[in-house]
1. Could you list, in sequence order, the residues of the range 182-200 that are under 29 Å from the mean Cα position of the chain (by Cα) and in contact (Cβ under 8 Å) with a residue 24 or more places away in the chain?
2. Would you check which residues across the range 86-110 are outside any loop (DSSP other than H, G, I, E, B) and of a type in the set (D, E, K, R) and list them?
3. Which residue, of V257, V267, is touching a strand residue (DSSP E or B) at 6+ places or on another chain (Cβ under 6 Å), among the β-branched types (V, I, T) and at pLDDT 70 or above?
4. Could you please give the count of residues in the range 100-146 that are touching a residue at least 40 places away in the same chain (Cβ under 8 Å) and of a type in the set (S, T, N, Q)?
5. Could you list all residues from the range 185-205 that are among the acidic types (D, E) and either part of a strand (DSSP E or B) or touching a Leu at 6+ places or on another chain (Cβ under 9 Å) (or both)?
6. Has the range 132-153 got any residue that is in the same structural domain as L259 (by TED's automatic domain parsing), crowded, with 22+ Cβ neighbours inside 10 Å and either charged (D, E, K, R) or in a loop (DSSP other than H, G, I, E, B) (or both)?
7. Identify, please: which residue in the range 212-244 is basic (K, R) and modelled with pLDDT of 75 or more and is, among those, surrounded by the fewest Cβ atoms within 10 Å (Cβ to Cβ)?
8. When the residues of the range 161-211 are narrowed to those that are β-branched (V, I, T) and under 19 Å from D128 (Cα atoms), which ends up surrounded by the fewest Cβ atoms within 10 Å (Cβ to Cβ)?
Amino acid sequence: MSFYNTTYLFLLLLVPLVGVILVWRESIRKKAREKFATESLLRKYAVIEPPQRNTIRLIFVAIACGLFLIAFARPQGGERTLEEEVEGIDIMIAMDISRSMLARDLNPDRLTAIKEVVYDFIDSSIGDRIGIVAFAGDATVVCPLTTDHGSVYSFIDRLTTNEPLRPGTAIGDAIYLSTIRFRESDTGRVVILLTDGESNKGMEPAEAANYAKENGVRIYTVGIGTPQGAPLPEAGGRNIFGNERYRTDNDGQPIRVGLDERTLREVADITEGEYFSVANMGELRTLYSRITHEGETKFQTRKMVRKDELAPYFILIGCLLLIAESFYNYMAPGEINVLKRKV
C-alpha cells in the first residue's frame, strides 16, 4: 500500500492529543461530581459510568481519528496496468517564448495568450501524443511526445520568457527540431507553430518548412499578436512610479513588435498546412478538427497504471467506530443490566 499525500500521516502524532483531551475532560467531570456529593452517595442515588466504559469510548474515538487521517493521505493499492487502444496522431507544439511574447497587444500579454490556445488544444486532442518545443534565439525540447497530457500541462505552466535561451526568435530552428522528433513516428505528423513570425536567428523558416515537408510533416501556424504591434516591455519591469518601462531604440523611441503574417503563411503553404490568427478565436477553435481531418491516423497502444483508492474503506470503518461510540455513550449501565436479565 502506498500513500498519495503523506503529509497527513504526520498528523497521526496528534491522535494521542485527542486522548489526553478526553481524559482531561473526564477528570473535570469527576471533580465536579465530587464537589456535588461523595462517590458513595452518588452510587446510591445515581447511575455512574464505570471507568472502563470511558476507556473504551476513548479508544473508539482515537482509532476513528487515526483512520480519518489515513484516509486523507489517500492510501492506494492493487496496482493494475491497463492497455487501451486509442486512435491519434503525433503533434509537436512549437511555442515562442522570446521577449516579444511580453508585448501587450493581447490581454494580458502574448505568452499568456499562447498558453490559453495550447490548453484549449490539448483539451481537444484526446488520444494524441503531444510534445513541446520552446524557442527564442535557440530551440529546445521541453516535453517529448507523450500521451500523458497532465505532464504536458505542467511543462507549459512553468514556461516563461526567462528560460536560458539566446535572445531572438529562431523559427526555423524550432521547426527543424520539432521535425526530427518524429523520426520514430509512423502515424500522422503535425507541428503547431505559435509565434509572431518575426524570425531573426538560426535557419530560415522556409528552408526548415521544406525539410518538414520532405519528412511528411504538416505545419499549422498561429500568429500571436496584432499587425500594428505593441511596445516591447523592458526586462527591468516598472519604474519607481509603478509605470511600465519599454525598450527603446537609439533615438529614444519605443521599440514595437509586430506580427509577420507573411512568413507564417509561407511556412503553412509550403507544408500544405494552414495559417490561423489568435485574434480570430472562432476560427482558431476549428484548428484541432482540421488537423484530425487531414492528418493520417493510426491505432496505438497506451499503457496506464491504475491504483485502487482505499480511502473510502478507512472512512467507513472510522464512521462505524464513531457510531458504536455514540451508542455506547448513551446506553446507561442500568439499561445494560436490564438487557442482560432479559437475555
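The values are calculated or read from the model by the stated rules, or taken from the named source; none is laboratory data. Just so it is clear, the model here is predicted, and its values are computed rather than measured. Cβ coordinates were reconstructed from backbone atoms using ideal geometry, including for glycine residues, and neighbour counts include every protein chain displayed.
1. F182, S185, T187, G188, R189, V190, V191, I192, L193, L194, T195, D196
2. Taking the range 86-110 first, the residues outside any loop (DSSP other than H, G, I, E, B) are 86-88, 90-96, 99-102, 110.
Selection gives E87, D90, D96, R99, R110.
3. On the way: V257 fails: touching a strand residue (DSSP E or B) at 6+ places or on another chain (Cβ under 6 Å).
None of the others qualify; the one that does is V267.
4. Counting residues in the range 100-146 that are touching a residue at least 40 places away in the same chain (Cβ under 8 Å) and of a type in the set (S, T, N, Q) gives 3.
5. Of the range 185-205, the ones among the acidic types (D, E) are 186, 196, 198, 204.
Residues satisfying the conditions are D196, E198.
6. First, pick out the residues of the range 132-153 that are in the same structural domain as L259 (by TED's automatic domain parsing): 132-153.
Then keep just the ones that are crowded, with 22+ Cβ neighbours inside 10 Å; that gives 132-136, 139, 152.
When the remaining residues are screened for being either charged (D, E, K, R) or in a loop (DSSP other than H, G, I, E, B) (or both), the result is 136.
Within the range 132-153, one or more residues are in the same structural domain as L259 (by TED's automatic domain parsing), crowded, with 22+ Cβ neighbours inside 10 Å and either charged (D, E, K, R) or in a loop (DSSP other than H, G, I, E, B) (or both).
7. Residues of the range 212-244 basic (K, R): 213, 218, 238.
Then drop every residue that is not modelled with pLDDT of 75 or more, which leaves 213, 218.
Numbers: K213: 16, R218: 20.
The selected residue is K213.
8. So in the range 161-211, the residues β-branched (V, I, T) come out as 161, 169, 171, 175, 179-180, 187, 190-192, 195.
Cutting the leftovers down to under 19 Å from D128 (Cα atoms) gives us 179-180, 187, 190-192.
Details: T179: 25, I180: 13, T187: 18, V190: 26, V191: 29, I192: 26.
Only one residue fits best here, namely I180.
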